[in-house]
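Undergrad: Would you mind keeping the following structure in view while I ask a few things?
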Amino acid sequence: MRLDKALLVFRKDFQEISRTKEVIMPMVILPLIFAILFPALAAMNPENVNIPGEQEVMMRNIMINLPEKVQTQLMSYTTTEQVMYVMLVYYFSPFFLLIPIMSSSVIAADSFAGEKERNTLEALLATPITDAELLLGKFLVSFIPGMGVTIFSFILYVLTVNVLTAETFGQYIMPTIPWLVMIFVQSPAIALLGVGTTVIISSKVKGFREAQQLSALFVLPALVLMFGQGSGYLMLGTNAMITLSLIIVASDFVVFRFGMRLFQRENILSKSK
């Protein structure tokens, strides 16, 4: 398998998605909401931000699962400041698992299904490259922009949180080690899993919207983590996040190999006609 040929597919697809509003708009809107709007609301008016359950119950559940150093630090804050800290450092973190999934999946859903709708699939499949190079190119064009949006959103979030809370806490509270692990280890692993599966789905269905709807199922695990961590009952430490990431990476290899076995150019062409 030659990387330069996979990059040819990447460049061709990237030029197409950069002109597609259905793909670009979610990638612009998500950072604005998750990285600026949510932390701004939590930092400026935390008592009016709706969270699952009672604030006291949430704080009690979260406090007992936090490291002792963090518990000691929070004890010196007022209740409002504790809520603000917990929301900004813990509660909002699972949202940043949604960004790579949603951004990458939108592009991945367009990979083969979009080619079918634009009537360019036959020419693509006739290109003199191997199946592995074609699939890798499709993976990269979904993964790289999705992770680019994720890292950009993370930088915006860190800047927003630190600017708005430095005076309140007397220090910069972001980024933390669990956040760095989540962004640079867990998010890429989850994004690759979502991309791989969505590309396979896209090669089997007839249109972009159908592929996009099926790929939305990958948002569910991130939502479970979000509500679990928001309620305080599921607090993943650094070691747990790294372990989970390694499991997901292993799944990524399985998905890619499974996709290679399922990928048959003749069948895809026949279904597109």
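Bear in mind that the values in this text are calculations on the coordinates, not laboratory data. What you see is a predicted model; the values in this text were computed from it and never measured. Using ideal geometry, Cβ is built from the backbone for each residue, glycine included, and neighbour counts are taken over all protein chains shown.
Undergrad: How far, in nm, would the chain grow between Leu37 and Lys69 when pulled straight, counting 0.36 nm per residue and subtracting the alpha carbon separation?
TA: Working: separation 32, 0.36 × 32 = 11.52 nm, distance 2.92 nm.
Length difference between fully extended and current span is 8.6 nm.
Undergrad: Given the Cα-Cα distance of Ile247 and Ile155 and 0.36 nm per residue of separation, how much length would full extension add, in nm? Could the numbers behind the result be given before it?
TA: Working: separation 92, 0.36 × 92 = 33.12 nm, distance 2.65 nm.
Here the segment from Ile247 to Ile155 would lengthen by 30.5 nm.
Undergrad: Quick one: check the C-alpha center-to-center distance for segment 140-195 versus segment 1-46, whole angstrom.
TA: Result: 14 Å between the Cα centres.
Undergrad: By per-residue mean of other Cβ atoms within 10 Å, what is the highest-first order of 69-75, 136-142?
TA: Working: 69-75: 12.9, 136-142: 26.0.
So the peptides 69-75, 136-142, ranked by packing, come out 136-142, 69-75.
Undergrad: Label-point separation (nm) for Thr127 and Ile24, each offset 7 Å from Cα along Cα-to-Cβ?
TA: Result: 2.1 nm between the two label points.
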